[in-house]
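The values are calculated or read from the model by the stated rules, or taken from the named source; none is laboratory data. Computed from a prediction, not measured in an experiment: that's the story for all the values here. Cβ atoms come from the backbone with ideal geometry, glycine included; neighbour counts cover every protein chain shown. These area figures cover heavy atoms from the full protein model, side chains too; ligands, DNA and RNA do not enter into them. Shrake-Rupley method; radii C 1.70, N 1.55, O 1.52, S 1.80 Å.
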Amino acid sequence: MRYPDGGGLSAQERARRERVRFEAAEMLEQGVPPPVVARRLRVSRKSAYAWHALWSGGGVEALRSKGPSGPPSRMKPEWRAWLDEALEQGPAAHGWVQRWTLPRIALLIARRFYVRFSTAQVSRILHKMGWSVQVPVHRAAERDPQAVERWMRQVWPTVEKTVRDQGAWLIFEDELGQSLRPPKARTWSRRGHTPVIKVTGKGSGRVSLAALVCARPGQRTRLLYRTLTHTGRKNEKKGFREDDLARLLDAASQQLGGKIVLLWDNAAQHKDAAMRELLETRSAWLTVFYLPPYTPDLNPAEGVWAHLKKSLSSLAPCTTGQLATKSRTRLKRMQYRADLLDGFIAETGLSLAPP
């Protein structure tokens, strides 16, 4: 919305403009002509002459702010406090699922205060209260907030200490599978005609990706990745296995040239007997920690995947080979954008403190 007060100015803006008018009044009292006042205060000559006329007829008090124009809002301050608390409880607490809509909020107000507001009025009220339309972040219902808080309090400090004591690289790892069906994205279309994007109906084509986001205090953040193409042939790998992930860690150790502290999720292939044996043989330079269950928001590699999917949404590859090539190209570009990778880490709240 352009104006906070439903077509007028905010209280801060009214106070600022009032100060400008008072400065103009001081200049006028000193005999400064309106054109010079306009030039010094960087306002229009029309405003300066209007202020001069008001000042001539009523003095400085004539330039004082009259407050917001228009009738007072029917939404009382105590009602807004109640509404803010009710909205914080979420739609499920009031009988709706997933999201707040303007008609639902209008109905919520009407049920409580027996006053009906239009959706446009509700929108203005919400903007004044500091609310805005946003895309929600999905969280798994199995997520345990107390376990996440306990992990942040107990495990994460240990991870930081291990990285600091060993002078090691902190590596976040994750895998992704991308099919030939591109992610959905917005597009323009004639009103009343839903756009149709033709995609392949075959389900055999698939590209598996594994990424390592590597961070170390005082060093440029790195991105390492591997791709695996599955075309549907017999006995062909459909995804990364334990030995593939172990080789990826070996390559990271060679390229980074130091010890590694690995942080990844609780996927079965990360914790089974075969992987434990492979990790044990690398214990001289590798220390492993696990993220809490159902916490993709704590893994910056998820940011890499989100950025990749957004860039692929504008493409329509016809073959799995084309999809693999485009994926590698996008990941290659991200390798040269350390600031972007730093943003993915900062979004998780797990940024390492400088040495």
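Here are the numbers for this structure:
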| item | result |
| --- | --- |
| Distance histogram for region 245-355 (every C-alpha pair counted, 10 angstrom bins, percent rounded to whole numbers) | 11, 34, 38, 16, 1 |
| With every protein chain in place, the chain: carbon and sulfur % of accessible area (1.4 Å) | 51 |
| Loop sites in region 278-355: trypsin sites (Lys or Arg not before Pro), DSSP, at most 14 other Cβ within 10 Å | Arg337 |
| Extension gain from Asn235 to Ser314, taking 0.36 nm per residue of separation minus the Cα-Cα distance | 25.2 nm |
| Helix 145-166 axis, angle to the chain major axis (alpha carbon atoms, nearest 10°) | 70 |
| Estimated distance in nm for a label pair at Tyr290 and Ala273, the labels positioned 7 Å out from Cα along Cα-to-Cβ | 1.7 |
| Convex hull (Cα only) mean projected area of region 24-64, reported in nm² to one decimal | 2.4 |
| Segment Val20-Ala147, extension gain: residue separation times 0.36 nm, minus the distance between their alpha carbons | 40.3 nm |
| Efficiency of FRET from Cβ geometry, Val36 and Thr187, R₀ 51 Å, rounded to 0.05 | 0.40 |
| Percentage relative contact order, region 208-306, counting C-alpha pairs under 8 Å, at least six apart | 23 |
| Nearest-ten-degree value, helix 11-29 long axis tilted from longest Cα axis of the chain | 40 |
| Mean Cα-pair separation over length for the chain, i.e. relative contact order, pairs under 8 Å, 6 or more apart, % | 15 |
| Kirkwood Rh and Cα Rg combined as Rg/Rh, region 208-249 | 1.14 |
| Proximal charge balance of Glu160 [Cβ under 14 Å; K/R count +1, D/E count -1] | +3 |
| Full-extension gain in nm, Ser44 to Val196, via 0.36 nm per residue minus C-alpha separation | 49.5 nm |
| Helix axis angle, 338-348 relative to the chain longest principal axis, alpha carbon, degrees | 80 |
| At most 10 other Cβ within 10 Å, DSSP loop - trypsin sites (Lys or Arg not before Pro), region 203-253 | Arg233, Lys234 |
| Directionally averaged shadow of the chain, computed from the convex hull of its alpha-carbon atoms, nm² | 28.6 |
| Summed side-chain charge close to Trp305 - residues other than Trp305 whose Cβ falls under 10 Å, Lys, Arg +1, Asp, Glu -1 | -1 |
| Qualifying GluC sites (Glu not before Pro) for region 118-196 [loop in DSSP, other Cβ within 10 Å: at most 14] | Glu142 |
| Given charges at beta-carbon only (K, R positive; D, E negative), |dipole| of region 1-136 in Debye | 420 |
| Relative contact order for region 17-119, counting Cα pairs under 8 Å that sit 6 or more residues apart, in percent | 17 |
| Whole-Hz ³J(HN,Hα) from phi, Karplus 6.51 cos²θ - 1.76 cosθ + 1.60, for region 32-45, glycine and proline x | 6, x, x, x, 6, 4, 4, 5, 5, 8, 6, 10, 6, 5 |
